[in-house]
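For reference, the structure is listed below as structure tokens.
Coordinate-derived values only; no laboratory data. Source: prediction; values computed, not measured. Cβ atoms come from the backbone with ideal geometry, glycine included; neighbour counts cover every protein chain shown.
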Amino acid sequence: MNKYSIAKLPSDILMETARKHRDLRKQRKLSQALLAEKSGVSLGSLKRFEQTGKISFESLLKLAHILGRLSEFEAVFSPVEDLTEVEKLFTIK
């Protein structure tokens, strides 16, 4: 994380996502080779993802599908229905 910022950087999120994925894969007792085969993602891409956090979005979705986490991606760019309290304070009427 950037020492001058509270917010996480994209690189932080990449590595955090890769770590969470790896932990979930191991929790499900899936080898990299078996997960690669089941998902259709190449073993090289899977290994690179777990080491660097870098992977194509399509491959990430394939892995998420096999691990039962695909639905979590549906909310990523969903419209926000309600303004938070802070946003309400700064809204000009």
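Here is how the numbers come out for the structure above:
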| quantity | calculated |
| --- | --- |
| Condition met for Ser11 (free of Cβ contacts under 8 Å to residues at least 24 places away in the same chain and farther than 18 Å from Gly68 by Cβ) | no |
| Search result, residues across the stretch 5-31 that are among the polar types (S, T, N, Q) and more than 9 Å from Gly53 (Cβ to Cβ) | Ser5, Gln27, Ser31 |
| Test: residue in the stretch 23-31 that is surrounded by 15 or more Cβ atoms within 10 Å (Cβ to Cβ) and assigned to a helix (DSSP H, G or I) | yes |
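Condition check ((1) part of a helix (DSSP H, G or I); (2) charged (D, E, K, R); (3) surrounded by 14 or more Cβ atoms within 10 Å (Cβ to Cβ)) across all residues:
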{"site": "Leu46", "(1), (2), (3)": "yes, no, yes"}
{"site": "Phe49", "(1), (2), (3)": "yes, no, yes"}
{"site": "Ile55", "(1), (2), (3)": "no, no, yes"}
{"site": "Glu58", "(1), (2), (3)": "yes, yes, no"}
{"site": "Leu61", "(1), (2), (3)": "yes, no, yes"}
{"site": "His65", "(1), (2), (3)": "yes, no, yes"}
{"site": "Gly68", "(1), (2), (3)": "no, no, no"}
{"site": "Ser71", "(1), (2), (3)": "yes, no, no"}
{"site": "Pro79", "(1), (2), (3)": "no, no, no"}
